[in-house]
Amino acid sequence: MIVSFLRRGTLFALLWLIASEGNPAAWPLAVAGIAGATVASLWLLPAKVLPPISPAGLARFLIWFIRQSLAGGVQVALLAVQPRLALRPALIELPLTVPPGLPRLLFTAALSLMPGTLGVRLQGDTLLVHVLDRQQPLQAEELAERVAGVFGGAR
Amino acid sequence: MLLDALTTLLLLAGAVFFFAGTLGLLRFPDVYTRLHALAKADNLGLGCVLAGLALQADSLAVALKLLAIWPLALIASAAVGYSIARRAERLGVVPWQEQDQ
Amino acid sequence: MNFTSAELALAVALFLLVNLGAALWRAARGPTPADRMLAALLFGSTGTGILVLLAFAGGSPALVDVALTLALLAAISGIAFAQRAWLGKVEEDDAA
């Protein structure tokens with residue numbers, strides 16, 4: 001409890017520092033804001049509910065994800081500027097292996113920003129996915145592994 | 001000097017990606033494919049613009065503030081994109097299929 | 001080439017404004033209600049981009065705060081839209 005209070009407090013203080021550009025003039029407001037944000041975050045998302053997050057896994061995920069989203073943007077940009085539209089779209093059902101809750105949220109959100117895939121409907125343990133090119137291999141398995149890595153799920 | 005050149009490059013790249021996103025929005029045949037174009041190309045464009053301007057920032061805090069906008073935009077795109085796609089599916093919008101030649 | 005970064009930023013901002021106009025025309029035209037919702041995405045990305053570029057070109061740093069707030073609001077409202085679908089178990093009617 002105290003550890004997560006301090007950890008989140010530090011995070012919010014850092015955000016305040018960035019947003020205020022390090023201006024110390026408004027420090028009473030800063031203290032109130034940081035304390036309020038920390039209490040609210042512990043109330044809305046108690047540490048018990050939050051699955052353990054591995055910092056190394058998160059860092060690895062972010063680096064990989066940024067590369068993927070760059071590739072996704074480049075791919076769709078190329079498709080858009082081509083004289084002939086080369087789309088072969090389809091809706092496919094993807095069985096989900098990641099656990100419900102935050103991991104599944106991260107999986108669905110990330111998949112929509114990756115090359116050629118877009119989450120359409122989450123129902124039960126399947127995700128309906130719209131793909132731009134049905135011949136392009138899905139990267140769902142690798143994404144699932146990396147999401148598991150973020151939440152400390154050692155494989 | 002080198003920073004200025006990098007900024008120029010990133011701003012121009014950003015403009016190109018935004019343009020591609022708009023082109024996709026105008027050319028792609030249905031709401032699902034248009035969502036792909038907007039969610040991915042526009043976000044990459046924004047990322048390029050933010051990175052280009054962060055290089056010119058007066059302080060580290062301003063640079064970080066600019067870069068902090070990007071994850072927020074990504075979250076918004078993923079969430080709003082999902083909502084739109086789901087709404088389209090619930091409305092019974094059938095995904096476009098290419099014609100066999 | 002003889003232009004400053006600020007001039008380039010202004011030019012790109014204007015270019016994005018034209019893009020936003022064209023994209024909004026498409027969003028307004030539809031044809032399905034889902035197409036019209038695309039406008040919500042446009043303000044999050046293109047709108048934010050225009051604001052930060054203008055902040056740099058016009059030298060009014062407060063516009064960066066406006067852009068940050070706009071992005072934050074876009075993220076929060078996006079999550080609010082999607083939350084029930086992502087986290088909820090049942091698909092309730094949301095015909096509104």
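Where a number appears in this text, it was derived from the coordinates with a stated rule and is not lab data. All figures in this text were calculated on a predicted structure; none of them were measured in a lab. Reconstructed Cβ throughout: ideal geometry from the backbone, glycine too, with neighbour counts over all protein chains shown.
Brief remarks on what is shown
- Only one entry of A:Leu118, A:Leu122 meets the criterion of being assigned to a strand (DSSP E or B), closer than 21 Å to B:Leu46 by Cα, among the hydrophobic types (A, V, I, L, M, F, W, C) and within 9 Å of another protein chain (Cβ to nearest Cβ), and that entry is A:Leu118.
- Residue in the stretch A:46-79 that is farthest from the other protein chains (Cβ to nearest Cβ), counting only those that are charged (D, E, K, R) and within 26 Å of B:Gly47 (Cα to Cα): A:Arg60
- Candidates B:Ala54, B:Ala76, filtered to the one that is under 30 Å from A:Gln123 (Cβ atoms) and surrounded by 19 or more Cβ atoms within 10 Å (Cβ to Cβ): B:Ala76
- Whichever residue in the stretch A:80-115 is over 22 Å from the mean Cα position of the chain (by Cα), part of a loop (DSSP other than H, G, I, E, B) and not hydrophobic (A, V, I, L, M, F, W, C) and, among such residues, is nearest to the other protein chains (Cβ to nearest Cβ): A:Pro89
- Positions within the stretch A:17-44 being of a type in the set (Phe, Trp, Tyr) and within 22 Å of the chain's Cα centre (by Cα), in sequence order: A:Trp43
- For the stretch B:33-91, a residue qualifies if it is part of a helix (DSSP H, G or I) and out of contact with any helix residue (DSSP H, G or I) (no Cβ under 8 Å at 6 or more places or on another chain), and the qualifying residues are B:Leu60, B:Pro71, B:Glu89, B:Arg90.
- Members of the stretch C:24-73 found to be β-branched (Val, Ile, Thr) and surrounded by fewer than 21 Cβ atoms within 10 Å (Cβ to Cβ), listed by number: C:Thr32, C:Val66, C:Thr69
- Candidates B:Asp30, B:Asp58: the one that is under 15 Å from C:Arg36 (Cα atoms) and either touching a residue at least 12 places away in the same chain (Cβ under 8 Å) or more than 8 Å from chain A (Cβ to nearest Cβ) (or both) is B:Asp30.
- Residue in the stretch A:17-29 that is more than 9 Å from every other protein chain (Cβ to nearest Cβ) and touching a strand residue (DSSP E or B) at 6+ places or on another chain (Cβ under 6 Å) present: no
- When the residues of the stretch C:6-57 are filtered to those that are more than 7 Å from every other protein chain (Cβ to nearest Cβ) and touching a residue at least 40 places away in the same chain (Cβ under 8 Å), the one that is nearest to B:Ala78 (Cα to Cα) is C:Ala13.
- Unmet criterion (only one of (1) within 12 Å of another protein chain (Cβ to nearest Cβ); (2) touching a residue at least 60 places away in the same chain (Cβ under 8 Å); (3) not hydrophobic (A, V, I, L, M, F, W, C)) for A:Asp133: (2)
- For B:Thr7: the one exception among (1) within 10 Å of chain A (Cβ to nearest Cβ); (2) among the polar types (S, T, N, Q); (3) part of a helix (DSSP H, G or I): (1)
- Residue ID - surrounded by the most Cβ atoms within 10 Å (Cβ to Cβ), chosen from residues in the stretch A:20-65 that are of a type in the set (Gly, Ala, Ser) and assigned to a loop (DSSP other than H, G, I, E, B): A:Ser20
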